[in-house]
């Protein structure tokens, strides 16, 4: 199941990013505050739950919903005005989206990452339920010689 596998992969990435943020708040030039890390961990847990245990239909709805949210965050971040990071992580940012001052601020790299994640969630929505291979595994035993079992 391609779509659910991608959702699981994104869930793992969110969980890893959430954990890394506690030890390296500026990882990859992103603003990984405690609030942001908790959001990443919750997003990862939700994605893992939908990817592993939900129906395909529910998982795809989740992927579309999260894709829209993260695309919106990315667009809002990339169109945000320049500013100075009040959390003291990077200083001047070309684009700085301040959601909660000193708690949750998103810079240019955050916006680009959110755009990429949003596109991947939307991709998970549009991917087929499963990819059917052109090649089939064939038994080496002809059907006429296959043993039959009677109950």
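What the table shows:
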quantity	calculated
Residue selected from region 14-28 under the condition buried (at least 18 other Cβ atoms within 10 Å of the Cβ) and closer than 18 Å to residue 47 by Cα, by the criterion nearest to the chain's Cα centre (by Cα)	14
Cβ pairs under 7 Å, 6+ apart, first in region 7-20 and at negative phi and in contact (Cβ under 8 Å) with a residue 40 or more places away in the chain, second surrounded by fewer than 16 Cβ atoms within 10 Å (Cβ to Cβ) and part of a helix (DSSP H, G or I)	8/52
Members of region 69-95 found to be assigned to a loop (DSSP other than H, G, I, E, B), in contact with a helix residue (DSSP H, G or I) (Cβ under 8 Å, 6 or more places away or on another chain) and free of Cβ contacts under 8 Å to residues at least 24 places away in the same chain, listed by number	94, 95
Residue within region 47-61 that is surrounded by 15 or more Cβ atoms within 10 Å (Cβ to Cβ), under 17 Å from residue 110 (Cβ atoms) and modelled with pLDDT of 95 or more present	no
Yes/no for residue 42 being within 25 Å of residue 9 (Cα to Cα), modelled with pLDDT of 95 or more, within 22 Å of the chain's Cα centre (by Cα) and surrounded by 14 or more Cβ atoms within 10 Å (Cβ to Cβ)	no
Residue check for residue 124: closer than 17 Å to residue 12 by Cα, surrounded by 19 or more Cβ atoms within 10 Å (Cβ to Cβ) and touching a helix residue (DSSP H, G or I) at 6+ places or on another chain (Cβ under 9 Å)	yes
Some residue of region 27-36 being part of a helix (DSSP H, G or I), at pLDDT 95 or above and more than 12 Å from residue 113 (Cβ to Cβ)	yes
Unmet requirement for residue 82, which otherwise passes all of (1) surrounded by fewer than 16 Cβ atoms within 10 Å (Cβ to Cβ); (2) modelled with pLDDT of 95 or more; (3) more than 20 Å from residue 19 (Cβ to Cβ); (4) within 18 Å of the chain's Cα centre (by Cα)	(4)
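The values are calculated or read from the model by the stated rules, or taken from the named source; none is laboratory data. Keep in mind that what you see is a predicted model, and the values were worked out from it rather than measured. Backbone-built Cβ (ideal geometry, glycine too); neighbour counts: all protein chains shown.
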